[in-house]
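Take a look at the structure below.
The values are calculated or read from the model by the stated rules, or taken from the named source; none is laboratory data. Everything quoted here is computed from the prediction, not taken from an experiment. Reconstructed Cβ throughout: ideal geometry from the backbone, glycine too, with neighbour counts over all protein chains shown. Just so you know, the surface numbers come from the protein's heavy atoms only, side chains and all, with ligands and any DNA or RNA stripped out. Shrake-Rupley method; radii C 1.70, N 1.55, O 1.52, S 1.80 Å.
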Amino acid sequence: MKKILPFLAILTFLGCKEDLVKQPKHLIERSQMVNIMYDLSLLEAIKYQNPAVLDSNQIRPKQFIYKKYKIDSLQLAQNNVYYASDYKNYKIMFDEVVQRLERDKKKAKALIKSEEKKNKLRLAKLKKKKQQAVKVNDSLQTIRKKIN
């Protein structure tokens with residue numbers, strides 16, 4: 001009996017845990033919350049890596065999110081607390097954001113690589129044209145000398 005009583009107390013406490021954080025009136029769907037978390041991650045990264053980009057485009061990260069998803073700061077905060085109360089599910093949401101960021105990072109690296117290749121080809125073509133122009137000028141000068 002002594003062993004069962006603490007066990008029941010723990011079960012009761014865990015069962016009441018869900019009542020501690022109630023579902024907000026305006027619940028943001030899980031998939032949309034993941035999108036918000038993703039956008040916030042990107043904007044925060046930009047803010048710390050290259051703040052001039054945000055300043056020059058007059059973008060304030062939080063206000064951008066509120067406008068894009070048609071939410072307010074209270075709604076975001078309440079939903080964040082609600083989703084964070086289930087830490088296992090919240091971690092899964094964060095893992096989805098991280099995976100998405102990794103995919104985008106790979107895509108960005110591939111785009112950068114292809115742009116670098118294109119630029120190298122352009123430079124090589126420009127060098128070749130320049131060399132041809134120099135040869136034409138040299139041959140024209142040779143002909144002029146012969147005429148004179």
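So here's what we get for this one:
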item	result
Separation in nanometres of the label points that stand 7 Å from Cα toward Cβ, at Lys88 and Ser114	4.2
Whichever lysines have a C-alpha closer than 30 Å to that of Lys68, once near sequence neighbours (fewer than 8 apart) are set aside	Lys22, Lys25, Lys47, Lys88, Lys91, Lys105, Lys106, Lys107, Lys109
Rh (Kirkwood; distinct C-alpha pairs) - the range 57-137, Å	17.5
Rounded to the nearest 10 Å², the accessible area of Arg100 at probe 1.4 Å	70
Potential lengthening between Lys130 and Leu74 on full extension [0.36 nm per residue; Cα-Cα distance subtracted]	13.9 nm
